[in-house]
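Read the structure below first, then the notes.
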């Protein structure tokens, strides 16, 4: 197709293409992230006007300020516990479920897509109300691992659906061959199917991690005491301070956003193939 | 089973059991089912059940059965209808905006060029940014006096003074929509890119041979080719906008100013935790769920009639 576009329209069309591309990508996608980081390392007082687009000189004071002003380290630790816990639990549960739905499609598989769809229709805000009651009765309120359970339940349907797509692309013949050699089905899964789907599993893991890292409503409602706050709740509490401390808040925001962004950068290719394999192939 | 029959079956297709019916499929689904039952199904049922009661969050033991009162109250409440209207506008614009932006980006990224990998990563990046962070940054961008948006608007002469975005209903809704579109459009980009790649090059060649120009190629090859993806994508975007991005609104405006940005899912939360009416909140939330089910059902039925060969 590029050969054809080179023939048509020539130079003007290429330039237009690049201009449009840069506009869309730079301004729309990257600018807010860039602006967040730039504003946090800018040595100019945030009340300078006009704003400095390219901060100079760089200054890390707002990071120092953020770390002393708010218990970011503690929030970070809590968030890490919840995200890692959710990812591991989700993967274990979803891999098993995904194997079942992929390899034994008859009974449950057909209704499964509909089920996943329905779970996507449930507003978290509706779920949060009874969860608050139920978790309260079970003594799970204000426990980080109660939050892990909630986040896991929320990501399992979609994770299972994605894993089904990955498992579907591993040929059944390989398992069959192993079973002919005397393996049990489960052993074949463990020795062959799962290892072959490792990139997909990793992608789903990253997906679960990202979702739980930034999750807000469950965290806000199910975890009540300050010391168990996760980053999303902590940063939300900045609301009252908008007037004075933008650079510090943005520094905290940058620190919050860094792990998922880095993870995303490394895992990006795998994740996008996972999200679409289910959608396009069905 | 004859070896020939086994070899001929496509991969992943259901195979007749070769020994007694194994318990394995059910066992494998057990952890997921238990978890979902305990954490999803039961709470949802409790929520729907609670909608027929009057419950104050501070005194959970005291639950008075009120039948359909909550729903009656909801149907006659101006706030409910206002929230419904806001939800409709918000969802429609976010889906349209997210889709269009996603389509443009996907079309631009579709052809190979140097640096495409980087460009693609940048384009999808907003999705990986936590909602609270997105709100924080965009609130800063929208800031009345020092925000970069007002600076640009003033520089080009579009406005004379900084627009107080979050202080007026209409502009606050615009702000919230912008942040939501920014967060969601990578989903559209991802799916549309995959969909574009699935369209065979031969079709484009054939169209070019027939003398079709760029726009015609889009209209007669690309657009129909994207139909299956669009089917799923619109529904997905709709559901995400309807139920999943509430965080953005809550953190950015809290539903204000004066309920101008209060969508139904948000109202559910506020009624429960701000106004302490769990029963009424459950009624509102249940209606959100019912609306979502209704629209999805209608959408799928309509879509299946237009596109009988595509499946959701």
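Rule-based calculations on the coordinates, nothing more; no lab input. Every value quoted in this text rests on a predicted model; they were computed, and no experiment measured them. Note that we place each Cβ from the backbone using ideal geometry, even for glycine, and neighbour counts take in every protein chain shown.
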Fill in: Among A:118-124, B:51-57, B:300-306, the order from most to least packed when residues are scored by Cβ within 10 Å on average
A:118-124, B:51-57, B:300-306
Worksheet, complete the sentence: Rounded to the nearest 500, the 222 nm mean residue ellipticity computed for chain B from DSSP H runs (n ≥ 4, each -39500 (n - 2.57)) alone is -20000 deg cm²/dmol
Item to complete: Please give, to one decimal in nm, the separation of the simple spin-label points placed at residue A:76 and residue A:180, each 7 Å out from Cα toward the Cβ.
Response: 5.5 nm
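Could you work out, residue by residue across A:191-198, how many beta carbons of other chains sit within 10 Å of that residue's beta carbon, and then give the average as an integer?
Whole-number average of other-chain Cβ neighbours for A:191-198 is 0.
Report the full-extension gain for the segment residue B:299 to residue B:215: residue separation times 0.36 nm, less the Cα-Cα distance, to one decimal in nm.
So the extension gain works out to 27.4 nm.
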Worksheet item: Pulled fully out, how much extra length does the chain show between residue A:17 and residue A:143, if you take 0.36 nm times their separation in residues and subtract their Cα-Cα distance?
Response: 40.2 nm
Worksheet entry | Projected-area mean, chain B, by convex hull of Cα positions, square nanometres | 25.3 nm²
Practice prompt. Could you tell me the convex hull volume per residue, in Å³, taken over the Cα atoms of the range A:68-150?
Written response: 132 Å³
Worksheet entry | the range B:89-260: projected area of the alpha-carbon convex hull, averaged over directions, in nm² | 11.9 nm²
Worksheet entry | Highest-first arrangement of A:86-99, A:220-233, where packing means the average Cβ count within 10 Å | A:86-99, A:220-233
Fill in: Paramagnetic reach from residue B:167 in the range B:244-279 [backbone N under 19 Å; point 7 Å along Cα→Cβ]
B:252-261
Discussion item. How large is the Rg to Rh ratio of the range A:121-162 when both quantities use alpha carbon positions and Rh follows Kirkwood?
Written reply: 1.02
Practice prompt. Using Cα centres only, tell me the gap between the range A:145-171 and the range B:280-304 in whole Å.
Written response: 24 Å
Worksheet item: Just from the alpha-carbon atoms, what are the Rg and Dmax of the range B:175-242 in angstroms?
Response: 14.8, 46
Worksheet, complete the sentence: log10 I(q)/I(0) for the range B:167-312, Debye formula on C-alpha points only (no solvent), q = 0.20 Å⁻¹, two decimals, reads -1.18
Worksheet item: residue B:154 to residue A:34: FRET efficiency via 1/(1 + (r/R0)^6), r the Cβ-Cβ distance, R0 22 Å, to the nearest 0.05?
Response: 0.60
Worksheet item: Where does each of B:289-298, B:258-267, B:26-35 land if you order them by average Cβ count within 10 Å, highest first?
Response: B:258-267, B:26-35, B:289-298
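Across peptide B:146-159, how many C-beta atoms of other chains are within 10 Å of each residue C-beta, on average?
Going residue by residue through B:146-159 and averaging, the value is 2.
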Worksheet, complete the sentence: Semi-axes of the protein assembly as shown from the Cα gyration tensor (sqrt of 5 times each eigenvalue, largest first, whole Å) come to 38, 34, 24
Worksheet item: When the label point is put 7 Å from the Cα of residue A:134 along its Cα-to-beta-carbon vector, which residues of the range A:143-165 have a backbone N closer than 18 Å?
Response: A:143-158
Practice prompt. Can you run the Rg to Rh ratio on the range A:74-281? Use alpha carbon positions and the Kirkwood inverse-distance Rh.
Written response: 1.04
Fill in: Stretch gain in nm, segment residue B:24-residue B:68, where the contour uses 0.36 nm per residue and the Cα spacing is subtracted
11.4 nm
